Amino acid sequence: MSDSSPTILPPSKRVEMEQIRAEHRRISAFPCLRELLNFLPTLVVIVNECQQIVAASQRFCVFLDGQEETLLGMRIGEALHCIHLGDANGECGTSRFCETCGALQAILNTQRRSGGDVQECTLTLRTGEGERALDLRITAFGLDPDARLTVLAFNDIGDEKRRAVLEEIFFHDVLNTATGVRNLLEALPAASDQYRQETAALALQLVQYLIEEIQAGRDLAAAERGDLVVHVASLDAREILKSVCELYANHPVSRGKTVMVTETSRPYVVTTDKVLLKRVLGNLVKNALEASTEGQQVGLRFQNQGAAVFRVHNELAIPEAIQLQIFRRSFSTKSPMGRGIGTYSAKLITERYLGGSLTFTSSEGTGTTFTVTLPTPNLL
């Protein structure tokens, strides 16, 4: 078995709490080990061969606002309230999403060989204030020669990962657009009057794209800080779709592709934040265009289903490995499958600030559809 393909444990493979507590007493009998756990400037736990917690540092307990006793016997995702527990029937380590979990890989790799392992992991936690994404570097090493106990240390590398994503995606897109504007303006002096008018119009459009990119980066940063301000107003759903379509109809990513809106037969008024909804739908449309090939079409539509439902569809399916990570903050699929920061940002804004939900379906033959659902009492 390769290290990159961890075995997902069956839900039944656990040890009884009596044995968990016995392991905990054995660890606590070594004061130096306990002091070391609490001295390390990071979150630390010790897990057994079934990935269950048998000891936790004070920092780990404080981080979860809980007591060590309540964590004993839990797996990492259960202690941290991973959002994918529902997909695993509450059993951490048993869902298809666990196959890409760095914490699980670090544990299993350490158990399979002597020494230790280091993995990166993006965990999305469910909290009382909504979902919270953590980018972590997991360092694991075996505490005993027979690999019954594994120490896990969690280092927050969120700032490092955010910088890397911004450099890879945001700065790349902004620089490309700014370079396009410069090239157009450099050609103006030698151009004819008609060409000057056309070039000036195109340069103005590129500047608008540039502004959108900068505003999107600013809004994402504010959303993660919890500082994004919501301005609610009554909006016509048709106008929202039309404006998003117009913005990306001639965008560089739509070259050779089309963006189409399915018209509704009558106006529908929804109550939400216009700027943020356009930002969400714009991110999804841009991702869909990046994922599409020449000659393909990206579709937008609105439906009144007792809630305001917006859909963005493209013709290609997303590979299974990418589907499992599509909403992760630090995950970027790069070209030609779109860029992960757009889907992460769209989900964050939709669910934390617009009070709705963002889901997707993807399969060969039907393509990929992202659905934004906004419950609203004023849908007309």
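The values are calculated or read from the model by the stated rules, or taken from the named source; none is laboratory data. All of these numbers come straight from a predicted model, not from anything done at the bench. A quick note on method: Cβ atoms are made from the backbone with ideal geometry, for glycine too, and the neighbour counts reach across all protein chains shown.
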| query | Quick one: is SER265 surrounded by fewer than 19 Cβ atoms within 10 Å (Cβ to Cβ) and either at pLDDT 90 or above or closer than 30 Å to ARG96 by Cβ (or both)? | reply | no
| Residue selected from the range 102-159 under the condition touching a Gly at 6+ places or on another chain (Cβ under 6 Å) and aliphatic (A, V, I, L, M), by the criterion farthest from ASP87 (Cα to Cα) | ALA140
| query | Filter the range 268-292 for residues that are touching a Lys or Arg at 6+ places or on another chain (Cβ under 8 Å) and under 15 Å from GLY367 (Cα atoms); which is surrounded by the fewest Cβ atoms within 10 Å (Cβ to Cβ)? | reply | GLU290
| So GLY77, is it in the same structural domain as LEU36 (by TED's automatic domain parsing) and under 26 Å from LEU348 (Cβ atoms) | yes
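Please verify whether GLU290 is in contact with a Gly (Cβ under 7 Å, 6 or more places away or on another chain), of a type outside the set (Gly, Ala, Ser) and not in a loop (DSSP other than H, G, I, E, B), treating the condition exactly as stated.
Working: in contact with a Gly (Cβ under 7 Å, 6 or more places away or on another chain): yes; of a type outside the set (Gly, Ala, Ser): yes; not in a loop (DSSP other than H, G, I, E, B): yes.
Yes: the conditions hold for GLU290.
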| Of GLY306, GLY282, which residue is touching a residue at least 40 places away in the same chain (Cβ under 8 Å), under 23 Å from LEU354 (Cα atoms) and part of a loop (DSSP other than H, G, I, E, B)? | GLY306
| task | Have a look at LEU220, LEU202, LEU235, LEU188 and point out the one that is modelled with pLDDT of 80 or more and either over 30 Å from GLY295 (Cβ atoms) or part of a helix (DSSP H, G or I) (or both). | result | LEU235
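Is it the case that the range 250-272 has a residue that's of a type in the set (Gly, Ala, Ser) and in a helix (DSSP H, G or I)? Steps first, please.
So in the range 250-272, the residues of a type in the set (Gly, Ala, Ser) come out as 254, 256, 265.
Applying the additional criterion that residues be in a helix (DSSP H, G or I) yields 254.
Yes: one or more hits.
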| The listed residue being without any contact (Cβ under 8 Å) to a residue 60 or more places away in the chain, of a type outside the set (Gly, Ala, Ser) and closer than 24 Å to TYR344 by Cβ, out of ASP219, ASP173 | ASP173
| message | Looking only at the range 183-222, count every residue that is surrounded by 18 or more Cβ atoms within 10 Å (Cβ to Cβ) and under 30 Å from ALA133 (Cα atoms) and tell me the total. | response | 8
